[in-house]
Each structure stands twice: as C-alpha cells, then as structure tokens.
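Chemist: This is the structure I have questions about; it appears just below.
We did not get these values from a lab; they are worked out from the coordinates using the rules stated. Remember, it's a predicted structure, so these values are computed and weren't measured experimentally.
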Amino acid sequence: MADTKISALGDVGALAGGDKFAVADASDLTVSKSTTADAIVTYAGVTLAPKANPSFTGTPVFASGIPATEIPNGITTTNTAEQSQTVVSTTVYYITDSALTMPASAKAGMQVGTLMIWDVYMTKTAGTGTGIFRIGIYRGTNGSTADTQDVLQTIGTSTAVVDALHLRVTLRVNTTGATGGYFWTMIPEPRLAGATGFGIAVGTTGLFSGTIASVAMNTASLKFGLAFTSTTATPTIRIVSVIGQVHHMD
C-alpha cells in the first residue's frame, strides 16, 4: 500500500475483532507485521462485552415515564387532604390514603426483607370521657375496613385533653407466598407525656411489636393500610399527614 496520511484514510465504521493493525515487532524492527483487534484485547488482558439494552415489561415513554413496577422502592402514598373524624365508640376508621398497593404484575414481587413504613401525624380534641385508643393494620384488595384486620393494637387510654401524635408503623416481610407473614412495629410519639391526651406511656412500654404468620402475601394488587378506633371516649381525630413508602420491592 502506498504511503497515505491517516487523515486521508476511509473510516472502517464498526471495528471487528479480525480488523488488522500495523505493528513493529520488537524482535525484528526491519520487518513490517500486523495484528488483529482480538489479539490486542487478549494481550491487554481485558474482557469486552456489549452493554445490554435495558428491558421493561411496560412501555416507557417520555410523557408518562417508567412504569411504577419497573422502579425499585417506587411505591409510595400520601394524603392530599386532611381527614377529620368525630369518633363513634368502637367504630374502626380506615386512615384515608394510607393504603400501600403492591403491583398487580411485579418484576420480582414481595421478598423477604420488603419493608413498609408509615408516618402518620394526628391530633385529637378534648371530646368526652376516657377510652382505649387502638391502631389497626389491614391487608386486602379494597383499601378499606372491608379488608382483613391483621392487627388491632392498643397504644394508650385517651382522656378528654387535646393532644397531638406522631405515629410510625413499620411492616417487614419475613415469609412470602400464600402462607406468608410479617413482623410489625408501632412507635407512637405524643405531644403530652403520661396518662393524658392520647394517654400513651413514655419509654419502652410505649413501643409495640408483633408477628403475623400464615396469611396470603401473594395476592395481586394487595393493599396494606392503617386504621384507628376508640372505645368510650368520643373525640374528633384529625389526620393531618400520611406518608407511606415501600422498600425492597419491584
């Protein structure tokens, strides 16, 4: 081949493993030799693999983004308005917008270690009388008290005193499938300490936990949500904020 400037050479386009390069052999620099792209890669000791294109079960488009089932840790819920409820004794009230809905067709689905967290901020009026205040965890496909009540935990004995409460509830899956289960915790943090307001004890006695076993955890579009109820005492409960999220679930 006649001498040609590199800038004058045509573009090879996509480089192939068999494409050749001119080399100067260290054992005999007077002889022109060549080698291939594959030989250079082998000599360098590197492994090259084409990058796989991401695959989606849904159809990602710019206008709507990636489907929720394709986003790990992408399941969330939050309220868009306050919920105000004058309590009728022993009636259970589902906390609006607390339902965390599992995808109908998830990539990997619920797994051991899937974690659900709720932060609920509520207040109570003085109301009348004293009564046991309870928080419930519901599981089902309705997102209401029509679902199965897995947990109904007493967190305090409320009195006729105004109070505010931050409640954190966690649910951690420990078994999946048709006979699955989970470990749950409730950590109420009232504004008033002691036996007034929501009447929640401070210290370790004000922390609650338990385990639910042998329940269906593989139902399509399964929802987990929260509820409250009060016996005897009849205050107005105001749910100011609900924030829920799921981790380790895609």
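Chemist: How big is D for segment 73-247, in µm² s⁻¹ as a whole number, if Stokes-Einstein is applied with the Kirkwood radius of its Cα pairs at 4 °C and 1.567 mPa s?
Modeler: 79
Chemist: Follow-up question, since we're still on this one. Output the Cα-based Rg and Dmax of segment 71-143 in Å, rounding Rg to one decimal and Dmax to a whole number.
Modeler: Values for segment 71-143 (Cα only, Rg and Dmax): 15.8, 50 Å.
Chemist: Related question: Which three extents, in angstrom, do the Cα atoms of segment 123-203 have along their principal axes, listed largest first?
Modeler: Here the Cα extents, ordered largest to smallest, are 44, 28, 15 Å.
Chemist: Over segment 73-247, what relative contact order in percent results from Cα pairs under 8 Å that are six or more residues apart? The partial results should precede the final answer.
Modeler: Numbers: 513 pairs, mean separation 71.8, N = 175.
The normalised contact order for segment 73-247 reaches 41 percent.
Chemist: Step through the residues of segment 31-43 one at a time and calculate ³J(HN,Hα) from phi using the Karplus curve (6.51 cos²θ - 1.76 cosθ + 1.60, θ = phi - 60°), rounding each to whole Hz and writing x for Gly and Pro.
Modeler: Using θ = phi - 60°, the values come out as 10, 7, 9, 9, 9, 9, 4, 4, 5, 5, 5, 4, 5 Hz.
Chemist: How many angstrom lie between the C-alpha centres of segment 21-38 and segment 116-134?
Modeler: A separation of 82 Å, based on Cα centres.
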